[in-house]
1. Applying the selection to the range 61-81, what residues are surrounded by fewer than 17 Cβ atoms within 10 Å (Cβ to Cβ) and in contact with a helix residue (DSSP H, G or I) (Cβ under 6 Å, 6 or more places away or on another chain)?
2. Please count how many residues of the range 47-58 are free of Cβ contacts under 8 Å to residues at least 40 places away in the same chain and in a helix (DSSP H, G or I).
3. Let me confirm something: among 40, 86, which residue is under 15 Å from the mean Cα position of the chain (by Cα) and in a helix (DSSP H, G or I)?
4. Mind checking which residues of the range 43-60 are within 13 Å of the chain's Cα centre (by Cα) and either exposed (fewer than 14 other Cβ atoms within 10 Å of the Cβ) or on the phi > 0 side of the Ramachandran plot (or both)?
5. When you scan the range 12-33, do you find a residue that is in a loop (DSSP other than H, G, I, E, B) and within 15 Å of the chain's Cα centre (by Cα), even just one?
């Protein structure tokens, strides 16, 4: 795992919100969520939940899997970076 994965909040902001010229307030209204929710997603303090994945996919014409996969890849990368030493101590089991 060499290249860091992009947080889905950054994908949301750069690939969807900016091209559609949405304000944070407008996005919140469209998704029926509070401003804190979107702010935390943008700032990598909150991940994309299954409910949010469905909302985003509906709004932007993507799939929920797109958002959940982005979150899963980011989470797996982050955990490995933070726990690599602990994970590497595990020896594969042999038959």
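No value in this document is a laboratory result; all are computed from the given coordinates. Note that the structure is predicted; figures quoted are calculated from it, not measured. Please note: Cβ atoms are built from the backbone with ideal geometry, for glycine as well, and neighbour counts cover all protein chains shown.
1. Scanning the range 61-81 gives a single hit, 63.
2. Number satisfying all stated conditions: 8.
3. 40
4. Result: 43, 44, 45, 50, 51.
5. Looking for residues that are in a loop (DSSP other than H, G, I, E, B) and within 15 Å of the chain's Cα centre (by Cα), one finds none in the range 12-33, hence no.
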